[in-house]
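Novice: This is the structure I have questions about; it appears just below.
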Amino acid sequence: MDNQNIELIARMVMEALETREKSSNGFVVPVGVSARHVHLTQEHVEALFGEGYHLTKKKELMGGQYASNEQVTIVGLKLRAIENVRILGPVRSGSQVEVSATDAVRLGVKAPIRESGNVKGSAPIAVVGPKGVVYLEEGCIIAKRHIHMAPKDAMAAGVADGDIVSVKSDNERGTVFNHVQIRVDESFTLEMHIDTDEANAAKITTGQTVTILK
C-alpha cells in the first residue's frame, strides 16, 4: 500500500471519529433571539388601528407567522411605557404581550414565565395604537425558553413535543440553559428561542448554536 492510500485511509478514519464524537456530544440547534413583541386578535387590531384594519407583512417567520409593519406602545403600572413594540401576525384567538424580565421591571409589572398562549393569571398590560387603546387584564408574560422542531428533527434529537431538556452554549461564557421546552410541529424550522436578557447574559446572538445535552 502506497503512502497516498495510507494517508487517505487515515483521513477517513479521523473524519469518522470526529463525526461520532460530535453526535455523541448532543444535537446542535441554531439560536434565534426573540425581542419583545405582541400578538393580537383581529378585534384588538381594529381597536388599535381602526375598523377593518388588517396587519401588513414585513418579514416571514417560521410556522406561517410573520413580523408585521405595525408597532404599538405597551404601558404598565404607573404609566411606564415601552414604544415601538412589533406586532407578530397572523391574528390569534387571544392577545398577549411577550417581554423580557428587564422589560417587566421597566414596565413595573410582575410578568410570569409562561409558554406562549398560557396567559391565565398573568400580568395586566395596556396596548396603545394610533387609533385607540386596549387594556388586557391578563396577557403579559416572559416567554419560556423553547426549541422549535419539525418531526424529523425531533426524531434525530431523540426528543418529543413537550419534553424539557438542557442545552449548552460553548462560547466564552459556556452557559447551560435548563428547563428548555421542546415544541414540535411540521411547520417549524429548527431553532431555539431565548429572549434578549438570556442572550445578552450568555453572549449569544442570532445564528449561533447550542447543543442539547444528553
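The values are calculated or read from the model by the stated rules, or taken from the named source; none is laboratory data. For clarity, every value in this text was computed on a predicted model and none was experimentally measured. Glycine also receives a Cβ, built like all others from the backbone with ideal geometry; neighbour counts cover every protein chain displayed. Note: accessible area is taken over every heavy atom of the protein model, side chains too, but ligands, DNA and RNA are not part of it. Shrake-Rupley method; radii C 1.70, N 1.55, O 1.52, S 1.80 Å.
Novice: Within region 48-77, which residues are within 18 Å of E138 (Cα to Cα) and either assigned to a strand (DSSP E or B) or open to solvent by 40 Å² or more (accessible area, probe 1.4 Å) (or both)? Outline the logic, then answer.
Specialist: In the first step, residues of region 48-77 are kept if they are within 18 Å of E138 (Cα to Cα); the result is 48, 72-77.
Of everything in region 48-77, those that are within 18 Å of E138 (Cα to Cα) and either assigned to a strand (DSSP E or B) or open to solvent by 40 Å² or more (accessible area, probe 1.4 Å) (or both) turn out to be V72, T73, I74, V75, L77.
Novice: OK, next. Kindly check whether there is at least one residue in region 141-161 that is open to solvent by 20 Å² or more (accessible area, probe 1.4 Å) and farther than 30 Å from F27 by Cβ.
Specialist: No, region 141-161 has no match at all.
Novice: Out of (1) touching a residue at least 24 places away in the same chain (Cβ under 8 Å); (2) under 16 Å from the mean Cα position of the chain (by Cα); (3) under 21 Å from N84 (Cα atoms), the odd one out for R106 is which?
Specialist: Of the numbered conditions (1) touching a residue at least 24 places away in the same chain (Cβ under 8 Å); (2) under 16 Å from the mean Cα position of the chain (by Cα); (3) under 21 Å from N84 (Cα atoms), the odd one out for R106 is (2).
Novice: Looking only at region 156-203, which residues are in a loop (DSSP other than H, G, I, E, B) and either under 13 Å from the mean Cα position of the chain (by Cα) or of a type in the set (S, T, Y) (or both)?
Specialist: Step one: filter region 156-203 for residues in a loop (DSSP other than H, G, I, E, B), giving 158-163, 169-175, 185-190, 203.
Listed by number, the residues that qualify are S169, T175, S187, F188, T189, L190.
Novice: Okay, moving on. Can you confirm whether region 78-85 contains a residue that is in contact with a strand residue (DSSP E or B) (Cβ under 6 Å, 6 or more places away or on another chain), more than 14 Å from H39 (Cα to Cα), part of a loop (DSSP other than H, G, I, E, B) and free of Cβ contacts under 8 Å to residues at least 40 places away in the same chain?
Specialist: No, there is no match, as no residue in region 78-85 is in contact with a strand residue (DSSP E or B) (Cβ under 6 Å, 6 or more places away or on another chain), more than 14 Å from H39 (Cα to Cα), part of a loop (DSSP other than H, G, I, E, B) and free of Cβ contacts under 8 Å to residues at least 40 places away in the same chain.
Novice: Run down E172, E138, E198 and say which single residue is open to solvent by 50 Å² or more (accessible area, probe 1.4 Å), in contact with a Lys or Arg (Cβ under 9 Å, 6 or more places away or on another chain), among the acidic types (D, E) and under 21 Å from S100 (Cβ atoms).
Specialist: One residue alone meets the criteria, E138.
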